[in-house]
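None of the figures in this text is laboratory data; all of them are computed from the coordinates on show. Just so it is clear, the model here is predicted, and its values are computed rather than measured. Note that each Cβ is placed from the backbone with ideal geometry, even for glycine, and that neighbours are counted across all protein chains shown.
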Amino acid sequence: MIAHLKLDDRLSVLRSQDRLRNWRSLNDERLCIICKRKFNGRQIEIRRLRNHKYELHCPTEGCNSSPHLWIYPATPLVSYALELDWWRLAGQKHRTSGSEPGAGGQRV
Ligand SMILES: [Zn+2]
């Protein structure tokens, strides 16, 4: 279900759902790294979930990506590759700390 929100509400939903980046206004633009399209805050698809939560989705038909895959259009390609790496690492099940021998022991 697509939520219809007042513009003020829309901005606060964007801010609460996209904690990685700053939304100053609905005219702020993002570039989706999946479909490579640029859009602004007004175009983002906001879906209302049952538990009074909202979900943000890329406005491009068939794309459906979420805010962590949206970058500032001015972000250079290098840091965008780093960001992708970061998300891949963050998505892994096991953290590799490497600095703790004797895994399973308790910290004193
Ligand atoms: Zn997209």
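For Y72 and R50 in the same chain, what is the full-extension length gain: residue separation times 0.36 nm, less their Cα-Cα distance, in nm?
Result for the pair: 4.9 nm of gain on full extension.
Among R88, R21, rank each residue by its count of other Cβ atoms within 10 Å, from fewest to most, as a rough exposure measure. It would help to have the intermediate numbers written out before the result.
On the way: R88 9, R21 15.
In order of increasing Cβ crowding within 10 Å: R88, R21.
Subtract the Cα-Cα distance of R88 and N27 from 0.36 nm times their separation in residues, and report this length gain in nm to one decimal.
19.0 nm
Starting from the 7 Å offset along Cα-to-Cβ, what nm value, one decimal, do you get for the label separation of K36 and K6?
The answer from the label model is 4.1 nm.
Report, to two decimal places, the Cα Rg of segment 7-91 normalised by 2.2 N^0.38 Å (N = number of residues).
Working: Rg = 12.7 Å, N = 85, 2.2 N^0.38 = 11.9 Å.
Working it through for segment 7-91, the quotient is 1.07.
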